[in-house]
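Have a look at the structure below, then the notes.
The values are calculated or read from the model by the stated rules, or taken from the named source; none is laboratory data. Just so it is clear, the model here is predicted, and its values are computed rather than measured. Cβ sites come from the backbone with ideal geometry, for glycine too, and all protein chains shown count toward neighbours. Remember, those area values only see protein heavy atoms, side chains included, never the ligands or the DNA or RNA. Shrake-Rupley method; radii C 1.70, N 1.55, O 1.52, S 1.80 Å.
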Amino acid sequence: MAKFSKKFLEDGELLFVGYSLNNNAFSKSIYEAISNHGIKVYPVNPKADGNHPIKVYKDLTELPKIPKNAYLLLKPSDMPKAVEDLGKKGIKKILVQGKLPDDVAKQCSTLGIEAAGGCPMMVFGGGLHKFHGFLAGVR
Amino acid sequence: MIAAFPLVRQKWTNEHLMAALVVVLLCWCLPVFVAQPASILILLAMVVLASVIDIVGNLLHYKKLVCSVSAVVTAEVLFLLTSHMSVYLRLFGIVVALLLGKHVWGGTGKNPLNPAVVGLLGITLLLVAFPSVGLWDAPPVAAFPMSWLLLPAVLLSLPFLLMRPYAAISWIVGATVSAGLSAQLGMGSWALFTLFLATMVVTDPVTVTKNRITGGISALVMGLLANPLGILGLNILSFLSERTKLLMDRPSFKPLRFAKQYEGEPVFLDLTEGGTDSPGDDTLPVSSSVILQRIAENQVFGMGGAAFPTARKIQSLLDSPAPSKHLIINAVECDPGLIHDKWLMQHRFDDIQKGISYIASLAAFESIAVATKNPDVTALPWKGIQVKTVPAIYPIGAEKALIEAVHGVRLAVDSIPAEAGFLVLNLQTLFAVYEAVVGNKPITSRFLTVVNLFTNRAVVAHVPLGMNIQKVAEAAFGTASNVFVGGGQMQVCIAQEDTVTDERLNYIAISRFPDYKESPQCSGCGLCSLHCPAGLDIKKLTAMAEALHKLPENKKAARRRLEKRIERDHPERCLQCGACSYSCLAGRNLSANMQTLKMAYKQN
């Protein structure tokens, strides 16, 4: 398991799997915080209906290009399938919201994917998030 | 429909103001802390209890955590008003303040009465009912002694007078008269107490009306009572005044002013194939009928953002029964993000002047004026055209605002300027007229402003209509992430991958996402209405719109009643300028709500 830090998502592009369309405030704040750092974010949600201020892709086939890095905001039970699909698309690094589940860590290791657990707001957020990131040692 | 929003917002928020209040109130507590250090623990207990009640209350109202610093403010005010009371009475006061003074009404921004004073009332009633409850079991501490310790508090409190200056000063006058009559004028502690109430309690924008007349008269009368409970009377009169519109001021309007924001001179970028060469021989004479025909056939449209067909506008003017006709060239560019019209004036002056002459030949204009906020424009060699300098305020470039600024004529809200004899054309539209008449080809390109707000640089771009926005941004700044587009900095949307340049687009920006917190807690500051050029009560309209949104569809009678109330406040007059969203201290995109209301009522 890799350590999450700013360097982990340095490639300039990020796939955001599980961008929420309903309870949107958290997803929106993460999307904006990462975008404000010059990283192009591609949000994905299979329920996307095109009626959203930003472009949300329904699945990976719609994407104009597949980034090397992905961030998963999913329930632990949904992660293995997502990791399998992402592995087939050539994803090299995966950041999981919160703690990285052991089975997902093992799966990523088998697929040759570098995986980490953490919250992007600790690195990209402002205000209290900066303090959280400092305490967690990721800033 | 995706709502537009201002790309930049004012930096102050309710949280900043509340935090400042907390600090200032702590300064007021200094003498008490010094005289009785244990009182710090009492204040802490009151703050913790207030915060817990507020957090639970907010969770019940909003189903999410929201800022509860206002509860800390309530606790501090009540702490100072109850310095002679036992800790149990004070904690009882906190419960009454937060529950009956705030959350029973719906939470922050919805309470008509000041929570701290409601808490004080609760304690007073308890003592009246149960006198044996007792007061302080230790010697009481004077909360407002004549002490240098209060100097920081006094100085830091004075700026808060600006929140409700008429009410606050009237309170001081009323209390002074009362003190004079009761021979207390010589007592410094009385003065400090009065100043504390005037700056820290009477200026609460949620519970005291912003109306100068009602606020002033009510505060004067209640100040004469010389009792903090009189503030409840002020709150009730404020509430009644706002609901019944009794003794309301005329709405005052304070326009927004923006500072220059780009570094260095703008670069010019031509992304069209044809370039900006002259479209043809502009020395050949052209008759009025040919001019109008070419404007129509080549589909010249308003380049200010509305994209209205120019030929139709001119025809409306020609058909107008108005006794005199006036031409105004709109070179104001009042949106703070735009610079391309200024660039055009500097680099295509002769072509624009020719365009103006074509329009001038179509009618017997009594006056032809170019309106600008830039005094340097007067130095340009205008021929037969007056230059009118207008204030650099937003949104003075809006058609009717401009007519009023240039000619002093205020047109009715639903009137059409061209039909009233006023033809207002954007500067770039006149350049398009020139190109259409001389070149006799359809308009297929436009000038717009492309900016990078990370580096504060701007580019004037000449782009073909239908060009992908991401490509324009990449050509200008080598990057296409975080791209926003719109009519100007005050009206943008997030650009999608397939967004292209069109007739309405004036502005492309690479920028941070603006921070719209969308806090549900309106503090009643009134900045939204103060900065609204249409004079709308934005706070009231958006509150009603939210109430309508929450009403179930099957409650038709209630919905109809609410819709009629909304209609009376004329949401259709909204100019969609974005000034309310820019000013909102709660970080709300109010212009999105207004856009929804406006469209709904235009359809009805």
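Miscellaneous remarks
- Cβ-based net charge around A:K3, under 14 Å, with every Lys or Arg adding one and every Asp or Glu removing one: +3
- The share of C-alpha pairs in segment A:64-139 whose separation exceeds 19 Å stands at 38 percent.
- Extension gain, B:I40 to B:H84: 0.36 nm times the residue separation minus the Cα-Cα distance gives 14.4 nm.
- The separation of segment A:38-53 from segment B:551-573, counted between C-alpha centres, amounts to 34 Å.
- Angle in degrees between helix B:538-550 and the longest Cα principal axis of chain B, rounded to the nearest 10: 80
- Treating r as the C-beta distance of B:Q299 and B:K471 and R0 as 25 Å, the FRET efficiency rounds to 0.55.
- Between the amide H of A:A70 and those of A:L15, A:K93, A:I94, A:L95, distances stay under 5 Å, these residues lying 5 or more places away or on another chain, with hydrogens modeled in the peptide plane.
- Amide H partners (placed H, <5 Å) of A:K40, local residues excluded: A:E13, A:L14
- Length released on extending from B:T272 to B:H347, taking residue separation times 0.36 nm less the Cα-Cα span: 25.3 nm
- Over the C-alpha atoms of chain A, the Rg to Rh ratio, Rh being the Kirkwood estimate, stands at 0.94.
- Highest mean first, the peptides B:552-561, B:497-506, B:165-174, B:122-131 sorted by other C-beta atoms within 10 Å per residue fall in the order B:165-174, B:497-506, B:122-131, B:552-561.
- Kirkwood estimate for chain B, i.e. one over the average of 1/r between Cα atoms, Å: 27.5
- Judged by a Cβ-Cβ distance under 4.7 Å, the unpaired cysteines of chain B are B:C27, B:C29, B:C67, B:C334, B:C493, B:C522, B:C525, B:C532, B:C574, B:C577, B:C584.
- Placing a label point 7 Å from the Cα of B:M599 along the Cα-to-Cβ direction, the residues of segment B:1-26 whose backbone N falls under 18 Å from that point are B:1-6.
- Other-chain or far-sequence residues with amide H under 5 Å of B:L256's (modelled H): B:Y394
- Pairing chains B and A buries close to 1100 square angstrom of accessible surface in total, based on protein heavy atoms and a 1.4 angstrom probe.
- Couplings for segment B:4-13, taken from phi via the Karplus curve 6.51 cos²θ - 1.76 cosθ + 1.60 with θ = phi - 60°, read 7, 8, x, 6, 10, 10, 5, 7, 6, 9 Hz in order; Gly and Pro are left as x.
- Each residue, A:D78 and B:L125, gets one label point 7 Å from its Cα in the Cβ direction; the gap between the two is 4.9 nm.
- Helix B:14-35 vs. chain B, principal-axis angle (Cα, 0 to 90°, nearest 10): 30
- Counting charges near B:S170 (Lys, Arg +1; Asp, Glu -1) among other residues having Cβ under 12 Å from its Cβ returns a value of +2.
- Panel note: the C-alpha atoms of the protein assembly as shown, placed on their principal axes, show extents of 100, 81, 55 Å (largest first).
- Computed E for B:K564/B:D502 - FRET, C-beta separation, R0 41 angstrom, nearest 0.05: 0.65
- Rounded to the nearest 10 Å², the accessible area of A:Y42 at probe 1.4 Å: 10
- Gained length - B:S289 relative to B:K383, 0.36 nm times residue gap less alpha-carbon distance: 31.6 nm
- Chain A, helix-only ellipticity at 222 nm - DSSP H runs n ≥ 4, -39,500 (n - 2.57), divided by all residues, nearest 500: -9500 deg cm²/dmol
- D (Stokes-Einstein, µm²/s), Kirkwood Cα radius, segment B:336-390, 0.692 mPa s at 37 °C: 271
- Karplus (6.51, -1.76, 1.60) ³J(HN,Hα), θ = phi - 60°, over segment B:528-536, in Hz, Gly and Pro reported as x: 4, 6, 4, 8, 7, x, 8, x, 8
- Computed from the alpha carbon positions, the gyration tensor of segment B:1-137 leads to an equivalent ellipsoid with semi-axes of 31, 19, 11 Å, biggest first.
- Evaluating 6.51 cos²θ - 1.76 cosθ + 1.60 at θ = phi - 60° for every residue in segment B:194-208, the Karplus couplings come out as 5, 5, 4, 5, 5, 8, 9, 10, 5, 8, 5, x, 6, 10, 10 Hz, glycine and proline recorded as x.
- Summing +1 for each Lys or Arg and -1 for each Asp or Glu among the other residues whose beta-carbon sits under 14 angstrom from that of B:Q293 gives +2.
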